[in-house]
Amino acid sequence: MESLRQLYKIGNGPSSSHTMGPKRAAEQFAERCHNVDAYRVTLYGSLAATGKGHLTDVAICSVLQPVAPTEIVWKPDVVLPFHPNGMLFEGLKGGEVIDSWTIFSIGGGALANENTRQEKPESIYPLTTISEIKEWCYREGKTFWEYVNDCEGPEIWDFLDQIWTVMCETIQRGLNNDGVLPGGLKVARKASTYYVKSKSYSGSLASRARIYAYALATSEENASGGTVVTAPTCGSSGVVPAVLYHLATSRDFLRIRILRALATAGLFGNIAKANSSISGAEVGCQGEVGVACAMAAAAACQLFGGTPSQIEYAAEMGLEHHLGLTCDPVCGLVQVPCIERNAIAAARALDANIYATLSDGAHLVSYDKVVAVMAETGHDLPSLYRETSEGGLARNYDRK
């Protein structure tokens with residue numbers, strides 16, 4: 001299992017798999033193939049189906065166009081075997097293809113193909129299931145964040161400090177931005193309004209309004225192409241920051257405790273990424289918002305003093321109750337239903353934390369089992385419900 005540095009990534013929205021990944025791929029291809037007359041990039045499957053709404057072509061051309069004229073070819077009906085988010089980069093000189101590269105954006109900004117699958121990425125975590133790690137915690141008298149520290153080394157805290165700083169900056173920008181989001185749906189930003197209204201409430205209603213506002217702030221920044229942190233993806237980037245920011249500002253948790261919670265959240269996200277998928281194009285939104293909810297629930301439960309079993313229970317609930325969640329973005333934009341979905345998932349993460357904290361941590365279904373079921377469910381979903389905008393809300397939305 002890879003480092004948390006491969007899970008938490010800083011970049012521009014609106015999509016880690018459809019924007020960040022293709023941009024990284026373009027940068028790598030331009031580095032190896034730059035003495036050309038032109039580029040041709042063919043997008044397949046989900047990348048082609050929703051690429052315009054996700055600014056895939058804009059991200060690629062921002063890198064390649066300054067080097068040479070770039071043509072984007074869209075083939076939504078062709079799905080390559082390795083992954084639904086396929087790309088073929090070609091460099092042309094004198095009308096002939098002199099270099100080509102097929103690569104896939106597999107979620108969270110990560111890239112892979114058949115060759116990288118054979119060359120296994122560097123694994124720094126010897127234990128790759130929560131059940132094994134939980135057993136280690138009880139045997140060693142430690143908790144999940146300490147396992148992260150032992151595997152990653154003390155340098156991970158400087159990295160997580162930077163990640164937390166960017167998360168906070170994104171929320172603060174989002175709370176102070178108004179207007180309509182780009183893309184044609186005319187979705188108005190709501191974060192600032194929700195935050196202002198929260199000040200006129202008290203108790204649980206004020207708390208709920210603020211967590212909605214924080215999640216909306218990040219998700220709206222993401223939808224506008226702003227800087228966000230994948231947690232675990234751009235499309236689900238509002239959940240974890242909202243929960244941690246809310247707890248940090250309302251409960252006065254020390255910064256180091258927030259960073260430790262971020263480490264635990266990352267561990268649960270990493271398990272889902274390694275043993276299933278965090279790509280909406282592969283398993284639907286359960287792999288994005290569902291995993292984000294699990295991450296946030298685990299982080300919150302740790303902050304409130306949960307045992308390893310209670311923390312795992314909170315994460316398990318966060319993911320279990322998102323099983324089967326489809327990815328059907330209207331017009332291929334990360335706006336409807338994505339933005340509201342982040343806000344609701346943030347609130348559900350806190351509910352999962354409370355439920356788990358009230359229990360003794362014992363439960364029948366493990367987090368690992370839910371991760372496995374998520375993979376099965378995602379692969380059983382028809383492609384029209386996996387980020388192609390061909391079914392569900394995307395198909396039945398009436399723009400009138």
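Which whole-number percent is the relative contact order of segment 118-236 (Cα, under 8 Å, 6+ apart)?
Relative contact order comes out at 20 percent.
For the chain, build the charge dipole from Cβ charges (+1 Lys, Arg; -1 Asp, Glu) around the Cα centre, then report which of A248, S279, T230 sits farthest towards its positive end.
The one lying farthest along the dipole's positive direction is A248.
For segment 367-384, what does the Karplus curve 6.51 cos²θ - 1.76 cosθ + 1.60, with θ = phi - 60°, yield as ³J(HN,Hα) per residue in whole Hz, taken in order and with x for Gly and Pro?
For segment 367-384, the Karplus curve yields 4, 4, 5, 5, 4, 5, 5, 4, 4, 4, 4, x, 6, 7, 5, x, 4, 5 Hz.
Give K23/K52; K52/K75; K23/K190; K134/K369 a once-over and call out the pairs whose C-alpha atoms are over 19 Å from each other.
Cα-Cα > 19 Å for K23/K190; rest within.
At 1.4 Å probe size, with every protein chain present, just tell me what the per residue accessible area of the chain comes to in Å².
Solvent-accessible surface per residue comes out at 40 Å².
Roughly what % of DSSP beta bridges within the chain run antiparallel, to the nearest 5?
Looking only at bridges with both residues in the chain, the antiparallel portion is about 75 percent.
Just need the relative contact order of the chain here, percent rounded to a whole number, with Cα pairs under 8 Å and 6+ apart.
Taking the mean separation of contacting Cα pairs over the length of the chain, I get 19 percent.
Relative to the Cα centre, what is the charge dipole magnitude of segment 1-97, using +1 at the beta carbon of each Lys and Arg, -1 at the beta carbon of each Asp and Glu, and rounding to the nearest 20 debye?
It works out to roughly 260 debye.
With all protein chains present and a 1.4 Å probe, how do R395, R210 order by accessible area, largest first?
Sorted by accessible area, descending: R395, R210.
Rounding to the nearest 20 debye, state how big the charge dipole of segment 233-380 is about its Cα centre with +1 on each Lys and Arg Cβ and -1 on each Asp and Glu Cβ.
Dipole about the Cα centre, nearest 20: 560 debye.
List the cysteines in the chain whose Cβ has no other cysteine Cβ under 4.7 Å from it.
Singleton cysteines: C33, C61, C137, C151, C168, C234, C293, C301, C331, C338.
Among 317-323, 169-175, 31-37, 285-291, how do they line up by average Cβ neighbours within 10 Å per residue, starting with the highest?
My ranking of the peptides, most packed first, is 285-291, 317-323, 169-175, 31-37.
With the crude spin-label approximation of a point 7 Å out along Cα→Cβ, what separation in nm comes out for S383 versus S250?
For S383 paired with S250, the spin-label model returns 4.3 nm.
Helix-derived [θ] at 222 nm for the chain: sum -39500 (n - 2.57) over DSSP H runs of at least 4, divide by residue count, nearest 500?
-16000 deg cm²/dmol
In debye to the nearest 20, how big a dipole does the chain give about its Cα centre with +1 on each Lys and Arg Cβ and -1 on each Asp and Glu Cβ?
Magnitude of the dipole: close to 1300 debye.
The values are calculated or read from the model by the stated rules, or taken from the named source; none is laboratory data. Everything numeric here is computed off the predicted structure, so don't read it as measured data. Backbone-built Cβ (ideal geometry, glycine too); neighbour counts: all protein chains shown. Ligands, DNA and RNA are excluded from the accessible area calculation, which covers all protein heavy atoms including side chains. Shrake-Rupley method; radii C 1.70, N 1.55, O 1.52, S 1.80 Å.
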